[in-house]
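In what follows, a structure is listed as structure tokens, so that the remarks can point back to it.
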Amino acid sequence: MFTTRKQYEPYISPFDPCPPIRVKTYVTAPNLYVGFQPPNLPQFPLREALMKGTLWQVFYDPYYSPYETKGKGDGS
Amino acid sequence: MWIYEKKLQYPVRVSTCNPRLAKYLIEQYGGADGELAAALRYLNQRYTLPPKVIGLLNDIGTEELAHLEMIATMVYKLTKDATPEQLKEAGLEPHYVDHERALFYHNAAGNPFTATYIQAKGDPITDLYEDIAAEEKARATYQWIINMSDDPDLNDGLRFLREREIIHAQRFREAVEILKEERGQKKIF
């Protein structure tokens, strides 16, 4: 399934001083995939769009902190 | 000229008295990838870009000023009632000594704002690529601030600002496509 949150597993040394973070994540925001915006894409209702920060559903990609998502830790 | 609307682009709410968050947020106020740098960069570059994309830089540069105002409001709310003792705990005592509770254009590490943060090369592709990079850097900075913040109301405002960075990056990417003048020609390079 498509996601704008990507993961990789960094090398873990047996001699690392801190408990390792085994999975690292990064964001690939939707603007990377759309190119020049095609016409007639689905929109949010206007009031909702004002609060979401975009009119276009395809570009909506909210980011939550690991704290808010109770330790999920990947910002999704 | 500009017409000023006496309200914020998005409501700013802060639920906890946590001046430490102000220390992080000041990065987006007077930092290299902050809203001031963004506004000055675009509003200055717009004069020497091809007419097709001037309007875009005008609009986005203007919106960055509205974002600057939101960041200022957040910082102000987080610090206005903090005691010197609380500011000291938050690591803001150098700021307090120099500025009391006044806002100032410096980054999270206290380095004052400088025009060397921005560039205008006069080459349209070069300038637009810098603008795309600036938006992605600002998006990333918002992610790191959200990660450090445990204030859900504040994060709500930061999420809005981050979403706008995504849209701005998208529009700058489209501006590059417009200048390439190969849209809709069904050529494969």
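Give me Rg over Rh for the range B:77-189, both radii from the alpha carbons and Rh done the Kirkwood way, two decimal places. Walk me through the numbers before you get to the answer.
Values: Rg = 19.5 Å, Rh = 17.3 Å.
Radius of gyration over Kirkwood radius for the range B:77-189 works out to 1.13.
Once you charge only the Cβ atoms, +1 for Lys and Arg and -1 for Asp and Glu, what is the size of the charge dipole of chain B about its Cα centre, to the nearest 20 debye?
Details: 24 positive and 30 negative charges, 93 e Å.
With only Lys, Arg, Asp and Glu charged at Cβ, the dipole is about 440 debye.
Could you list the trypsin sites (Lys or Arg not before Pro) in the range B:32-136 that lie in coil according to DSSP, counting only those with at most 16 other Cβ atoms within 10 Å of their Cβ?
Working: sites: B:Arg41, B:Arg46, B:Lys52, B:Lys77, B:Lys80, B:Lys88, B:Arg101, B:Lys121; in loops: B:Lys80, B:Arg101, B:Lys121.
When the trypsin sites (Lys or Arg not before Pro) of the range B:32-136 are filtered for loop state and at most 16 Cβ neighbours within 10 Å, B:Lys80, B:Lys121 remain.
With the dipole of chain B worked out from charges on the C-beta (+1 for Lys and Arg, -1 for Asp and Glu) around the Cα centre, which of B:Gln45, B:Ala115, B:Ile146 lies farthest toward the positive end?
Of the listed residues, the answer is B:Gln45.
So what are the three principal axis dimensions of the protein assembly as shown from its Cα atoms, in whole Å, longest to shortest?
63, 54, 40
Per Stokes-Einstein, at 25 °C and 0.890 mPa s, what whole-number D in µm² s⁻¹ belongs to the range A:5-59, with the Kirkwood radius over Cα pairs as the hydrodynamic radius? Mind showing how you got there, number by number?
Values: Rh = 14.7 Å.
Using the Kirkwood radius from Cα pairs, D works out to 167 µm²/s.
Report the GluC sites (Glu not before Pro) located in the range B:55-136 that are in a DSSP loop and have at most 13 other Cβ atoms inside 10 Å of their Cβ, or state none.
On the way: sites: B:Glu63, B:Glu64, B:Glu69, B:Glu85, B:Glu89, B:Glu100, B:Glu130, B:Glu135, B:Glu136; in loops: B:Glu100.
Sparse-neighbourhood loop GluC sites (Glu not before Pro): B:Glu100.
Mind pulling the angle between the C-alpha long axis of helix B:35-45 and the longest principal axis of chain B? Nearest 10 degrees, somewhere in 0 to 90.
The angle comes out near 30 degrees.
Taking loop as defined by DSSP and a crowding limit of 13 other beta carbons within 10 Å, which chymotrypsin sites (Phe, Trp or Tyr not before Pro) in the range B:8-43 fit? Kindly include the intermediate steps, with their values, before the conclusion.
Values: sites: B:Tyr24, B:Tyr29, B:Tyr42; in loops: none.
Taking the range B:8-43 and a limit of 13 other Cβ atoms within 10 Å, no loop chymotrypsin sites (Phe, Trp or Tyr not before Pro) are found.
Dipole size in debye (nearest 20) for the protein assembly as shown around its Cα centre, Lys and Arg Cβ +1, Asp and Glu Cβ -1?
Numbers: 32 positive and 36 negative charges, 131 e Å.
I would put it at about 620 debye.
Tell me what chain B gives for mean residue ellipticity at 222 nm when only DSSP H runs of n ≥ 4 count, each as -39,500 (n - 2.57), the sum divided by the residue total, rounded to 500 deg cm²/dmol.
On the way: 7 runs with 119 residues, N = 189.
Result for chain B: -21000 deg cm²/dmol, rounded to the nearest 500.
Please compare each pair in B:Lys52/B:Lys180; B:Lys52/B:Lys121; B:Lys6/B:Lys137; B:Lys7/B:Lys137 to a cut-off of 22 Å on the Cα-Cα distance and tell me which ones are over it. Numbers along the way, then the final one.
Details: B:Lys52/B:Lys180 12 Å; B:Lys52/B:Lys121 18 Å; B:Lys6/B:Lys137 29 Å; B:Lys7/B:Lys137 27 Å.
Correct reply: B:Lys6/B:Lys137; B:Lys7/B:Lys137.
Starting from the eigenvalues of the Cα gyration tensor, five times each then square-rooted, give me the equivalent ellipsoid semi-axes of the range B:72-124, largest first, whole Å. Walk me through the numbers before you get to the answer.
Details: eigenvalues 179, 28, 13 Å².
Those come to 30, 12, 8 Å.
Tell me, what is the percent relative contact order of the range A:5-59, built from C-alpha pairs under 8 Å that lie six or more residues apart?
Details: 43 pairs, mean separation 15.8, N = 55.
About 29 percent, as a whole number.
Return a whole-number percent for the relative contact order of the range B:78-173, with Cα pairs under 8 Å and 6 or more residues apart as the contact set. Write out the running numbers ahead of the final one.
Working: 50 pairs, mean separation 21.5, N = 96.
Here the relative contact order equals 22 percent.
If you bin the C-alpha pair distances of the range B:19-145 every 5 Å from 0, what whole percents do you get?
2, 11, 21, 21, 16, 11, 8, 5, 3, 1, 0
When Cβ neighbours within 10 Å are restricted to other protein chains, what is their mean count per residue of peptide B:167-176? Could you put the intermediate results ahead of the total?
Details: counts 9, 1, 4, 12, 2, 1, 6, 5, 1, 1.
Partner Cβ neighbours, averaged per residue: 4.
Give the aspartates and glutamates whose C-alpha is closer than 17 Å to that of B:Lys88, dropping any in the same chain fewer than 8 places away, or say none.
Counting by Cα, and skipping residues close in sequence, B:Lys88 has these aspartates and glutamates nearby: B:Asp98, B:Glu100.
The numbers here are math on the coordinates, done by the rules we state, and not lab data. A quick note: this is a predicted structure, and the numbers were derived from the prediction, not measured. Using ideal geometry, Cβ is built from the backbone for each residue, glycine included, and neighbour counts are taken over all protein chains shown.
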